[in-house]
Amino acid sequence: MANQLRIGLIDADQDIRLGRKMAINAHPDLSVVFEIDNARAALEKVPEALVDVLVIDYRTRGMSGTDLASRLVRDYLARGERCPAIIITGPYASDELRLESIRKGATDFISQDLSMAELIKSVLSSQAKTEEIDLDSVTKLFDSSYLKVDQNEGLLIKLATIPELERRVLDEFVAGLNDAEIAQKFGLSNLRIRKAFEVIKANLGCSTRAQLALLLFEAGLLKARVQDE
């Protein structure tokens, strides 16, 4: 299929890579285009590969999968290029690993005890037109993790350089509005709002909205909302 999503697998375990490769290639819309077993080789080869999604195991050789994700995100942003979606896989589910994945710019975290169908669902979801997140859920995670909240002077300086429209969009994001609500409020298209978020993320050095939310939360600019009983 001409429009197949191109997937890269980075995992030290050959058997796990083989199993994932078979499952992914069995899906008509997906194709594994390369696989690597260590982080150092990935840093060299990933930028040269045309991939849409990277599936990186947390236990990758050479450095953790989340550290590898962080390096890749930083390198893509430095070149002004869009980073492929990154899905971190790990041996078990935990808020700690999920939070670390968000912090390093990953799109999602999938534990190894979930089915292969869940991994494929995550891969497909990573390419959705909108990158909207459940802000209540992620801020609840941040709040329960007892993160240190402190004023970030560097962030405030960067915020001051963001164009006016993008700053207004960010304010509405912090207030909890979704893309459609922001678009309606400003009389703009959803596409224009999505483009505004791309500008915001690029200016603040973020690759995902969840990473953006974490940055704002730790600077005291975004708070967890109390749910009504």
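Values in this text are rule-based calculations from the coordinates and carry no lab data. The shown structure was predicted, so the numbers you read here are calculated from the model rather than taken from an experiment. Counting neighbours? That spans all protein chains shown, and the Cβs are built from the backbone with ideal geometry, glycine included.
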For this session: Would you be so kind as to identify all helices of the chain, as entire DSSP H runs, whose Cα atoms reach 18 Å or more along the helix's own axis and whose mean Kyte-Doolittle hydropathy is at least -0.5?
Result: 65-78, 190-204
Exercise. What are the residues whose amide H is under 5 Å from the amide H of Thr60, where those residues sit 5 or more places off or on another chain and H is modelled from the backbone?
Worked result: Gly65
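What net charge do the residues around Gly205 carry, taking every other residue with its C-beta under 11 Å from that of Gly205, with Lys and Arg at +1 and Asp and Glu at -1?
The answer is +3.
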Exercise. Please state the Cα pair-distance histogram of the stretch 145-229 with 10 angstrom bins from zero: what percent is in each bin?
Worked result: 16, 50, 28, 6
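From the gyration tensor of the Cα coordinates in the chain, what semi-axes in whole Å does the equivalent ellipsoid have, largest first, with each one equal to sqrt(5λ)?
In descending order the semi-axes read 30, 19, 18 Å.
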Exercise. In straight Cα distance, which aspartates and glutamates are under 14 Å from Lys185, not counting same-chain residues fewer than 8 positions off?
Worked result: Glu166, Asp171, Glu172
Seminar exercise, completed: With the 8 Å Cα cutoff and a minimum separation of six or more residues, the chain has a relative contact order in percent of 17 percent
Seminar exercise, completed: Total charge of the residues flanking Thr66 in space, meaning their Cβ is under 12 Å from its Cβ, with Lys and Arg +1 and Asp and Glu -1, is +1
For this session: Report relative contact order for the stretch 46-133 in percent, whole number only (criteria: Cα-Cα under 8 Å, sequence separation at least 6).
Result: 27 percent
Problem set entry | More than 17 angstrom apart: percent of Cα pairs within the stretch 25-65 | 34 percent
For this session: May I have the count of lysine pairs in the stretch 1-132 with C-alpha atoms under 21 Å apart, counting pairs 8 or more residues apart or located on different chains?
Result: 4
For this session: Between beta-carbons, use under 14 Å as the cut-off and find the net charge around Leu18, counting Lys and Arg +1, Asp and Glu -1.
Result: -3
For this session: Would you calculate the volume per residue, in Å³, of the smallest convex hull containing every Cα atom of the stretch 40-109?
Result: 73 Å³
